[in-house]
Amino acid sequence: MVLGTSSGAGKSWVATALCAYYRSQGLKVAPFKAQNMSNNARVVATPDGQWGEIGTAQYLQALAAGAVPDVRMNPLLLKPEADTRSQVVLMGQANAELSALPWRGRSLKVWPQIVQALDALRAENDVVVIEGAGSPAEINLHDSDVVNMRVAKHCQAHCLLVSDIDRGGAFAHLYGTWALLPEDEQALIQGFVLNKFRGDAALLAPAPAMLEAKTGVPTVACIPMQFDHGLPEEDGVFDDRGSTGAGQAVHTTIAIVAYPRISNLDEFQPLLQVPGVRVVWARSPAQIAGADWVILPGSKATASDLQWMRHQGLDAAVAAHANVGKRVLGICGGLQMLGEALIDLHGVDGNEAGLGLLPLVTLFEREKTVRRVSAHLPALRGAWAALQGVDLQVYEIHHGQTQLRADMEAGQTQCADEPVPGMVWQSAQGNVWGTYWHGLFENAAVVQALWGAQTPSLDDVFARMAQGVERWFTVKM
């Protein structure tokens, strides 16, 4: 089990590396995280043959492990809709009853499903790599814990405790976290890991030995900072370092609007690796000025994120960008924003006027559409014509259903249309494009068609991570 002294310490990354490592040793491996809080989700099959959601981190960990992603790998997913409210997804399905319960009231109802999922994975695999959440020393939540030490005690997991040394105070973080645990839980901590280290590792002495003298726990790894490791950041950290396509001269700047409830931003990771493409996470009109593309990504709260855009002046900036013929791409919630109106009769998201860049109306429904899709792109206009004939593997996660409304056309000489009915829409001029499909840029053929470039495959990324475990850990894992 991989625990952390805080969110962002690197639990997901270390767990992914261990999945890849154990796979490279010829073992049958599965990842597991009892509860994940993230709006980054992937679509996977459920045991009854339906589609369900799990956190992106566990999806990628499954691929690193060479396993088929499964809802049991992340039985509980919390998708924040506001600062004090989340949609609860249990075993892949949104659960309105659990979503309405207070935080501490959920543990009794979800623990049996969590245990069942974990025990099934343990029975089927040689190794299960478990990831914790936040910190195991969040003592205000200890009694209702279903993701950290309760899981560790259930299976007597061998636990690593990871700290982000780049933030400073790593030894205090490790010692303080260990010290706040009860003795029976301290006994499960088998090793400390210093993550994101920059500098001369010899300067760490004598701190690791002093820490072991106080706790009995050795420091088993010092992992160097990995700026270009090739995986998306689990918590959606916006970091422009390394986002200019491997240091190439910039030929294309893409501004991705980073509204408060942005979702599935992990799907843009391939753009950070395209030579000559610069990615900007835009929160102001100035960050859109001069961009070649603007992308409106998915949102877990489309109506409120639209209001936020208007408050920032981003609505006018996006419209101005489109009106001079530059590319605008809307994905899922971003697609809905491009239309004329959002209509919510069931209290799912909210009512709001759209940006009016496509003659579309979205009606929110109680039931969520969750599925994976194989698609073939037909003829497209203008800026997107290069994608004609491309075959895609994509996925959908949305409550809204969107329709083209010809009566809302703003007098264009050529009407907007939907080259893929119910899924893809394009403007009369061909520069504004909207789709419900997530994962476009994870298709190598799309990157090749748009920029004539290739990006490293996930298999290459996982192989490097497995090799890193061999180098960085001082004990056999």
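Applied to the range 146-158, the Karplus parametrisation 6.51 cos²θ - 1.76 cosθ + 1.60 on θ = phi - 60° returns per-residue 3J(HN,Hα) values of 10, 10, 10, 6, 5, 5, 4, 5, 4, 10, 6, 5, 7 Hz, with x for Gly and Pro. When the Kirkwood radius is taken over all Cα pairs of the range 74-212, what Stokes-Einstein diffusion coefficient follows at 4 °C and 1.567 mPa s, in µm²/s? My calculation gives 76 µm²/s for D. Of all DSSP beta bridges confined to the chain, the antiparallel ones make up roughly 50%.
Taking 4 °C and 1.567 mPa s as conditions, the range 288-350 diffuses translationally at an estimated 106 µm²/s according to Stokes-Einstein applied to its Kirkwood radius (Cα pairs). Across the range 32-109 the C-alpha pair distances fall into 5 Å bins from zero in the proportions 3, 17, 28, 24, 16, 8, 3, 0 percent. With respect to the chain, whose longest principal axis is taken over its alpha-carbon atoms, helix 107-124 is tilted by about 80°.
Averaged over its residues, the range 303-351 has an accessible area of 38 Å² per residue, based on protein heavy atoms and a 1.4 Å probe.
Measure out, as a whole number of angstrom, how far apart the alpha-carbon centroids of the range 100-121 and the range 262-326 sit. Spelled out, the Cα-based centre of one part sits 37 Å from the other. Oblate is the label for the range 298-403, because the ratio a/c of its alpha-carbon gyration tensor axes (a ≥ b ≥ c) is 1.5 or higher and a/b is not greater than b/c. Over the chain, with every protein chain in place, what whole percent of the accessible area is carbon and sulfur at 1.4 Å, could you tell me? It is 51 percent, rounded to a whole number. The per residue volume of the convex hull around the alpha-carbon atoms of the range 281-320 is 66 Å³. Peptides 95-108, 66-79 ranked from most to least packed give 66-79, 95-108, packing being the mean of other C-beta atoms within 10 angstrom over each peptide's residues. Spin-label model, Asp417 to Gln429: label points 7 Å out along the Cα-to-beta-carbon direction sit 1.9 nm apart. Taking the centroid of alpha carbons for each part, the range 55-84 and the range 349-397 are 23 Å apart.
Accessible surface calculations at 1.4 Å, restricted to protein heavy atoms, place the range 26-150 at 39 Å² per residue. Ordering of 259-265, 400-406 by packing is 259-265, 400-406, highest average first (other Cβ atoms within 10 Å, averaged per residue). With a Förster radius of 35 Å, plug the Cβ-Cβ distance of Ala320 and Asp166 into 1/(1 + (r/R0)^6) and report the FRET value to the nearest 0.05. About 0.35, to the nearest 0.05. Once you wrap a convex hull around the alpha carbon atoms of the range 148-202, what is its projected area averaged over all directions, in nm²? It is 4.2 nm².
Please work out whether the range 352-477 counts as rounded, prolate or oblate from its C-alpha gyration tensor, where a ≥ b ≥ c are the square roots of the eigenvalues and a/c under 1.5 means rounded, while otherwise a/b larger than b/c means prolate and anything else oblate? The shape class here is prolate. Residue-wise HN-Hα couplings along the range 303-309, as the Karplus relation 6.51 cos²θ - 1.76 cosθ + 1.60 with θ = phi - 60° gives them from phi, are 5, 5, 5, 5, 4, 4, 4 Hz; Gly and Pro carry x. Across every direction, the projection of the convex hull enclosing the Cα atoms of the range 428-477 has a mean area of 5.8 nm².
Ignoring lysines fewer than eight residues from Lys33 along the same chain, the ones with Cα atoms less than 16 angstrom from its Cα are Lys11, Lys79, Lys153. Across all Cα pairs in the chain, the calculated P(r) in 20 Å bins from zero up to the longest distance comes to 24, 54, 21, 1 percent per bin.
Entry note: the range 326-373 has Rg to Rh equal to 1.01, where both radii use alpha-carbon atoms and Rh is the Kirkwood radius. For the range 317-402, what's the relative contact order in percent, using C-alpha pairs closer than 8 Å and at least 6 residues apart? Relative contact order comes out at 25 percent. Once amide H atoms are placed 1.01 Å from N in the peptide plane, what residues at a sequence separation of 5 or more from Gly330, or on another chain, have their amide H within under 5 Å of its amide H? It is Leu296, Trp433, Gly434, Thr435, by chain and number.
Packing around the peptides 19-25, 365-371, 150-156, taken as the average count of other Cβ atoms within 10 Å per residue, puts them in this order, highest first: 19-25, 150-156, 365-371.
To the nearest 10 degrees, how steep is helix 170-180 against the longest Cα principal axis of the chain, on a 0 to 90 scale? The angle comes out near 70 degrees. Principal-axis analysis of the Cα atoms of the chain puts helix 11-24 at an angle of about 80° to the longest axis. Over what distance in Å are the Cα centres of the range 139-216 and the range 431-473 separated? Value for the Cα centre distance between the two parts: 32 Å. If R0 is 25 Å, the Cβ-Cβ spacing of Met210 and Arg104 corresponds to a FRET efficiency of close to 0.10.
The values are calculated or read from the model by the stated rules, or taken from the named source; none is laboratory data. Just so it is clear, the model here is predicted, and its values are computed rather than measured. Cβ: placed from backbone, ideal geometry, glycine included. Neighbour counts: every protein chain shown. Calculation scope for accessible area: heavy atoms of the full protein, side chains included, ligands and nucleic acids excluded. Shrake-Rupley method; radii C 1.70, N 1.55, O 1.52, S 1.80 Å.
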